[in-house]
Structure formats: structure tokens, C-alpha cells
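Chemist: One structure, as C-alpha cells, below. Some questions next.
The values are calculated or read from the model by the stated rules, or taken from the named source; none is laboratory data. Computed from a predicted model, the values in this text were never measured in an experiment. Positions of Cβ are generated from backbone atoms using ideal geometry, with glycine treated the same way; all protein chains shown enter the neighbour counts. Ligands, DNA and RNA are stripped out before the accessible areas are found, and what is left, the full protein with its side chains, is counted by its heavy atoms. Shrake-Rupley method; radii C 1.70, N 1.55, O 1.52, S 1.80 Å.
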Amino acid sequence: MRPIRIALTKGRLEKDTIGLFEELGFDCSELHNKGRRLILSIKDQNIEVVLAKAADVITYIENGVCDIGVVGKDTIMEYGGSFFEVTDLGFGKCKFAVANKKDVDFYAGYAEKTIATKYPNVARSFFKAKGMDVRIVKIEGSVELAPLLNLADAIVDIVETGSTLKENGLVVIEDVAPISARLIVNTVSMKLYKNEIESLIEKIESAL
Ligand code: PRP
């Protein structure tokens with residue numbers, strides 16, 4: 001049988017996921033000594049690991065070129081897609097929040113508000129649910145700059161420790177949603193490799 005292919009979000013989630021695999025006794029030597037290689041084997045488990053940017057993890061799962069993905073709920077909320085979201089891995093914990101400058105009343109006045117964010121879909125649906133029309137400005141880098149430069153009335157962004165906000169004179173005015181890493185599975189793979197995928201999910205869940 002071909003290996004089960006896991007798309008793993010590079011960076012923080014990568015480290016936590018490798019830690020989880022090691023707890024399960026998987027041989028993660030290739031993952032530790034990857035150099036510039038992007039497809040790595042967990043040889044004793046017949047698993048291949050593909051390292052990818054978060055949004056690409058969803059693309060690979062949706063297109064069926066990877067069977068299982070490890071990705072943040074933030075990415076799932078922003079990009080959506082059709083796949084099974086099977087397990088909350090419990091790590092990679094942070095939240096989406098609305099933040100703005102300290103001492104500024106975001107909800108004052110009737111003028112349309114401008115929101116800067118890396119997550120336009122999350123921001124739009126949050127304010128739509130409140131019945132508020134907002135103008136969204138998509139920012140790629142440090143969103144915290146937008147209110148400081150008076151480009152936006154507030155931001156919708158990821159808050160983990162809160163120190164980026166604090167060091168830039170910003171405060172959370174409302175929580176949007178909690179975030180953590182999730183296991184997602186391609187819908188066809190779930191049928192084709194039912195036994196292998198279910199047993200892997202069971203092992204993973206037993207270690208959480
Ligand atoms: C995220 C987010 C904030 C920061 C919050 O950016 O956009 O800037 O982390 O973390 P804190 O509450 O612990 O200060 P990240 O570092 O992931 O960089 P990015 O711009 O690549 O998303």
C-alpha cells in the first residue's frame with residue numbers, strides 16, 4: 001500500500017506535531033534532519049509528511065494529493081473547503097480578536113468602520129453577524145500597523161500572548177473565536193484508506 005500522506009503546516013504546528021508523533025514512538029529522524037527537503041518519511045509507520053504553508057495544506061487535502069492535514073482553525077475559518085475536520089489537537093492555541101487603539105471607542109458614531117486584517121472572510125462574517133457594514137482592507141504583514149497609521153479603525157487578527165498588541169498600544173475589544181490545530185482528512189481518502197486513517201487518528205487521539 002502507498003504511504004498515508006500528511007500535509008503539515010510549517011513552523012509552530014510542525015514542532016508540536018513532531019512532538020506528538022514522538023510521544024507515539026514514531027521515527028521522526030527525517031523530520032528533524034530535513035535540510036531543504038519538502039517530502040519526508042516516517043519510515044516505521046509508512047507515512048509521508050509534506051511540509052507546507054497553512055493555506056496550501058487545505059489545497060493539498062481538498063485536491064486529494066495528501067490524505068491528512070494538520071492546520072490551524074484560523075486557516076480553516078478563512079479558506080473553508082470540503083474535507084472532514086476530525087480532531088482538535090489542542091495545541092497551537094490562540095484566538096481571533098478585534099483590537100484597536102487604547103482609549104478609542106470603536107463603536108462610537110455611525111460612520112462605516114474600516115477593518116484591517118490578514119483574514120478578510122473571518123472579519124467580514126464576524127461583523128456581518130453583528131449587522132455591521134464594514135470596509136475591509138487586506139494586509140499581508142503586521143496588521144497592528146494599520147490602526148497606528150490611521151489606515152483602519154480596528155484590526156481582526158490572531159492574538160496569542162497579547163504582547164504584540166501591548167507593545168503597540170493596542171487592546172482587544174472583542175474575542176472573535178478560539179483557535180487551535182485541527183486534523184483534517186480528504187473525504188475520498190477517508191473511504192479508500194479507512195482502516196489506516198482511523199487507526200492513525202485513534203493513536204493520535206490517545207496521546208492528547
Ligand atoms: C501573529 C499575529 C500577531 C502575533 C500575535 O503573527 O498576526 O502579529 O502573531 O502574537 P502575540 O499575541 O503572541 O504577540 P505571526 O507571528 O504568526 O506572524 P505572521 O505575520 O507571519 O502571521
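Chemist: Roughly what would the spin-label model give for ALA55 and VAL172, points 7 Å off Cα along C-beta, in nm?
Modeler: Placing both labels 7 Å beyond Cα along the Cβ direction yields 2.5 nm.
Chemist: Related question: Calculate the dipole size of the stretch 133-192 relative to its Cα centre from +1 charges on Lys and Arg beta carbons and -1 charges on Asp and Glu beta carbons; express the result in debye to the nearest 20. Intermediate values should be presented prior to the final figure.
Modeler: Details: 5 positive and 9 negative charges, 81 e Å.
Taking the Cα centre of the stretch 133-192 as origin, the dipole is about 380 debye.
Chemist: Read phi for every residue in the stretch 74-89 and hand back ³J(HN,Hα) as whole Hz from Karplus 6.51 cos²θ - 1.76 cosθ + 1.60, θ = phi - 60°, with x for Gly and Pro.
Modeler: Residue by residue, the stretch 74-89 yields 4, 5, 4, 5, 6, 9, x, x, 10, 6, 8, 9, 9, 9, 8, 6 Hz.
Chemist: Let me ask you something else. Evaluate the distance, in nm, between pseudo-label points positioned 7 Å from the Cα of PHE91 and of LYS43 along their respective Cα→Cβ axes.
Modeler: Going by the 7 Å Cα→Cβ label model, 2.4 nm.
Chemist: Follow-up question, since we're still on this one. About the Cα centre, and with charges only on the beta carbon of Lys, Arg (+1) and Asp, Glu (-1), how big is the dipole of the stretch 98-202? Nearest 20 debye, please.
Modeler: Approximately 320 debye in magnitude.
Chemist: Which of the residue pairs LYS15/LYS128; LYS43/LYS191; LYS73/LYS166; LYS15/LYS118 have a Cα-Cα distance greater than 26 Å in the structure shown?
Modeler: Those over the limit are LYS15/LYS128.
Chemist: What share of the DSSP beta bridges in the chain is antiparallel, in percent to the nearest 5?
Modeler: 60
Chemist: Taking H placed 1.01 Å from N in the peptide plane, check which residues at least 5 places from LEU89 or on another chain put their amide H under 5 Å from its amide H.
Modeler: ALA181, ARG182, LEU183
Chemist: Ignoring ligands, DNA and RNA, please state the percent of accessible area on the chain from carbon and sulfur, probe 1.4 Å.
Modeler: 49
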